[in-house]
Amino acid sequence: MTHREVLESLSGLLLVLFVAMISGTIVSVALPQIIGALNGSQSQYTWVVTASLLASTASTPIWGKLADLFNKKLLLQISIVIFMIGSLACGFAQNTGQVIAFRALQGLGMGALQILAQVIIAAMISPKERGRYNGYLGAVIAVATVGGPLLGGLIADVSWLGWRWCFFIAVPFTIAAFVLLAKTLHLPTVRRPDVSIDYWGATLIAVGVSVLLIWVTFVGDSFAWASWQTAAMAGGGVLLLAAATWVESRVREPIVPLHVIRRRTPALAIVASLSVGMAMFGGAVFLGQYFQIGRGYGPTSAGLLTIPMMLGVLVSSTISGRMVSASGRTKPYILTGLVVLLAGFAGLATIDHATPMVLVSAYMLAVGVGVGMSMQNLVLVIQNTVPLSEIGAASGAVTFFRSLGGTVGVSVLGAVLANRVATGIAEGLAKAGIPVHGTGAAAGGLNLAAMPEPVKAIVRAAYGDATGHIFLVSAAITAVGLVAAAFLKPARLRDSLDLPASPAEDQTPAAV
């Protein structure tokens, strides 16, 4: 394809990614208001995010595999329709349970849009040239993540719109993307007669991860760590994932191709992607809550305060993408990005309800730079090691594990935050001599407007002080990702779309 043809097709793909990304960032800033209006709790706040991430994570490998078997354009159009229906349903939800359920449906479409866009780009452009186009990709994602919080804050603050329009606003974008792709995207139809979809593996993975996340959400609150519920849920989740691994090693078309992720470079890149996933999702979700509940800013101001992190993603992804294409090397940029990401998380681990906003902004900028330099380059590393016929499965695998990192990260960090907040509120109320029951804060409620002013101040301080602890966990996990990236084999990106006939690159299993 010529450069012009690539750009014409890329325009629709970038709009699709814009739709998927902005749906998450718009909601992230409005979530405190959404959960407060529907009288939800901190656990429900976390699950509104976790539901979409889990559905996206579980379905991503399936979409990646389907992209290797069926027409990629048709799959992309189907996913756009699913996403649009989910967005409309979320806008009409009447309680937090409905929001969580419809966010799961929206997550199915989000997972498809994100992986199919990457697969289609990989099918059109060689890995070395892809670095330049990944810069455009990162820039559009950054614009969506910068504009999303601002737009979400404005919508939530406008009385004649309200938070429901944070979901409705995605509909015109999805319609425009559908029409644009119908006109500009032209790919050959690929159909294989020996189609085999690993439904058992997908189901076992989704159920196993769900059980573990539900356990993490409720352990220490609804039941003790040492209890039969813990044994049943934690043990059951591990057994389900072990069964999923066994299934993946036996089926003809596995959802997660073990022969790909056993190789050294893909295995190490996947470990590093887990930490980037936690940064990408956890930062946006809990910083928005920190600004609004912990510091007392409105939705619009909270959106403005997230700009340093998004600006870091925008600048670093664009510049590093071009530098990767020019040099043909990815490892130096990945390592640098993860070092900066670790420094940003270490800084955020020190914040409380009185930290100067200049310092918070500087730490957020570092997190954004780290994510921008490492996220797409880790995908590129894996795509560079597999033949064209496995691009879909390999891209699906790395996106799956990155989303899994984000899903587990949001759930774990949400559970840590809920426990720290509950402790902080109980201590604050005891010091002030206020009875715990009847304040609206005892159950972790987020409807601050219904609380008396003294209680509201205690709740804000508890959220502000507890937020730093969750980023300490993020810093520890990022350190693991940095170690994994340090052991990546230095390699130059290939110029061809496919591997040579007898690839000798990186076929050794990863050491355990």
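Values quoted throughout were computed directly from the atomic coordinates according to the rules given, and no laboratory measurement underlies them. Note that the coordinates shown come from a computational prediction; the quantities given were computed from them, not determined experimentally. Neighbour counts are summed over all protein chains in view; Cβ atoms, including those assigned to glycine, are modelled from backbone coordinates with ideal geometry.
What FRET efficiency comes out for the pair Ile214/Ala326, r = Cβ-Cβ distance, R0 = 45 Å, nearest 0.05? With R0 = 45 Å, the Cβ-Cβ based efficiency is 0.45.
For Arg263, the residues 5 or more places off, or on other chains, whose built amide H falls under 5 Å of its own are Ala510.
Rg ratio for the stretch 248-334: its Cα radius of gyration over 2.2 N^0.38 Å, N being its residue count, equals 1.55.
Fully extending the segment from Leu161 to Ala476, taken as 0.36 nm per residue of separation minus the present Cα-Cα distance, adds 109.3 nm. Taking a straight Cα-Cα cut-off under 20 Å and skipping sequence neighbours fewer than 8 places away in the same chain, the lysines within cross-link reach of Lys489 are Lys128, Lys331. Computed on the Cα trace of the stretch 53-110, the radius of gyration divided by the Kirkwood hydrodynamic radius gives Rg/Rh = 1.05.
In this label model, His259 and Phe168 are separated by 5.2 nm, measuring between points 7 Å along each Cα→Cβ vector.
In this simple spin-label approximation, Ser361 and Ala101 carry label points 7 Å from Cα along the Cα→Cβ vector, and these lie 4.4 nm apart. Extension gain for Val81 to Val483 (0.36 nm times residue separation, less C-alpha to C-alpha distance): 140.7 nm. The length gained by stretching the chain between Ala457 and Phe70 to full extension, at 0.36 nm per residue less their Cα-Cα distance, is 133.7 nm.
In terms of the mean number of neighbouring beta-carbon atoms within 10 Å, the peptides 473-480, 148-155 order highest first as 148-155, 473-480.
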